[in-house]
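Read through the structure below, which is laid out as structure tokens, and then see the notes.
The values are calculated or read from the model by the stated rules, or taken from the named source; none is laboratory data. Just so we're clear, the structure is a prediction, and the values are computed from it rather than from any experiment. Please note: Cβ atoms are built from the backbone with ideal geometry, for glycine as well, and neighbour counts cover all protein chains shown.
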Amino acid sequence: MSAPDLDALVDGIRAGQRAMAARAITLVESRRADHRAAARELLARLAEHAPPTPAVRVGISGVPGVGKSTFIETLGTHLTARGHRVGVLAVDPSSVRTGGSVLGDKTRMPALSVDPNAFIRPSPSAGTLGGVAAATSQAMSVLEGAGYDVVLVETVGVGQSEITVAGMVDTFLFLTLARTGDQLQGIKKGILEIADVIAVNKADAEGAGGVDREVEARAAARELAGAMRMVRGPQEWAPPVVTCSGLTGTGVDDVWERVLAHRDHLGRDGLLAKRAQQQLDFTWTLVRDQLDERLRRSPGVAALRDELAADVLSGRLSAPAAADRILAAYDADPRD
Ligand code: GDP
């Protein structure tokens, strides 16, 4: 990408031009030093015109196959039909961006991907989770600047990415399937700790044998609500556990009402305080990410890497001793 014309970008974004929003997101995803500087300037300029009401930022998570894309397609089209402008971003550190990913979104979310009031962007290509999250967080700001009043961030239901996304959004929605008893153990405790709203999805009579899964889902929701109370204890916000079907649309509006109720519960001051704290946490994520990058690029470390690896693998050198030598080599790098 050539050096961006920031004036044109800011004007285009504020005028709601999709191509400009897309370019700006490409800019915030770039790792080039000049692009990073331009991205910071762009975000600062967009922040000057921040909308009076902050966009609703929602993280949506759940294991692959739980129905996230289908749910987002249904929720997104409901929202645009009501006059909202909806941005959809994704955080998937394992994703490899190919020319096919846009097509992928067309099949995953066929109606939303052609909806003029929706903007869908696949995950930045594989990188560190911190890097992917940083790009996504800045992309959220771009979309807010472009007048999207709802931003949905989809995350793959594995590993650390959920925790990271929960740290970037106002409300974290966890989608799950009807599970009872022992199966409940399969839901990571960490997820129950960060979820603000839980929805048992696929509560419908579609699919295998047309079994009515609604009753099953309700029972599972009750059990899950009990498990939640045990994990989180008494607190101000008791995360609701509801049922829905992204496929038929039943209950999707109710899920959205719960999301808005959580936001109401935070209140304007609470929301701003939450976002401010997130920015502080994010600051340190960026610092750690940059340090990681510098370590990887360090000539001193590179010169030692193979030798140390061989020594540790053969047992000649202990891990703490090797770590000391790596850090010493890093500290001895010439600084510019
Ligand atoms: P994702 O991997 O979490 O994004 O899940 P998808 O949205 O791609 O859905 C995975 C599969 O479950 C697809 O075959 C969907 O058609 C199906 N599915 C998604 N939502 C529902 C639902 O609400 N009810 C039923 N019965 N099937 C669903």
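Look at segment 18-67 and say how many of its residues are in contact (Cβ under 8 Å) with a residue 24 or more places away in the chain, outside the structural domain of Pro122 (by TED's automatic domain parsing), of a type outside the set (D, E, K, R) and farther than 17 Å from Met140 by Cβ.
Counting residues in segment 18-67 that are in contact (Cβ under 8 Å) with a residue 24 or more places away in the chain, outside the structural domain of Pro122 (by TED's automatic domain parsing), of a type outside the set (D, E, K, R) and farther than 17 Å from Met140 by Cβ gives 2.
Could you list all residues from segment 187-207 that are assigned to a loop (DSSP other than H, G, I, E, B) and modelled with pLDDT of 80 or more?
Ala195, Asp196, Asn201, Lys202, Ala203, Asp204
Taking segment 238-269 on its own, how many of its residues are closer than 16 Å to Ala166 by Cα and out of contact with any strand residue (DSSP E or B) (no Cβ under 8 Å at 6 or more places or on another chain)?
1
Of all residues being within 24 Å of Gly267 (Cβ to Cβ) and within 13 Å of the ligand (Cβ to nearest atom) in segment 46-95, which is farthest from the chain's Cα centre (by Cα)? Just the residue, please.
Leu75
Give the residue, chosen from Arg325, Arg294, that is part of a helix (DSSP H, G or I), surrounded by 11 or more Cβ atoms within 10 Å (Cβ to Cβ) and in contact with a Phe, Trp or Tyr (Cβ under 9 Å, 6 or more places away or on another chain).
Arg294
Yes/no matrix, rows are residues, columns are (1) surrounded by fewer than 13 Cβ atoms within 10 Å (Cβ to Cβ); (2) touching a residue at least 24 places away in the same chain (Cβ under 8 Å); (3) closer than 20 Å to Leu112 by Cβ:
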{"site": "Gln235", "(1), (2), (3)": "yes, no, no"}
{"site": "Val241", "(1), (2), (3)": "no, yes, no"}
{"site": "Cys244", "(1), (2), (3)": "no, yes, yes"}
{"site": "Leu247", "(1), (2), (3)": "no, yes, yes"}
{"site": "Trp256", "(1), (2), (3)": "no, yes, yes"}
{"site": "Asp264", "(1), (2), (3)": "yes, no, no"}
{"site": "Gly267", "(1), (2), (3)": "yes, no, no"}
{"site": "Leu271", "(1), (2), (3)": "no, yes, no"}
{"site": "Arg275", "(1), (2), (3)": "no, yes, no"}
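Would it be correct to say that Thr285 is polar (S, T, N, Q) and in contact (Cβ under 8 Å) with a residue 60 or more places away in the chain?
yes
Of all residues in segment 19-57 being at pLDDT 90 or above and of a type in the set (Lys, Arg), which is surrounded by the most Cβ atoms within 10 Å (Cβ to Cβ)?
Arg57
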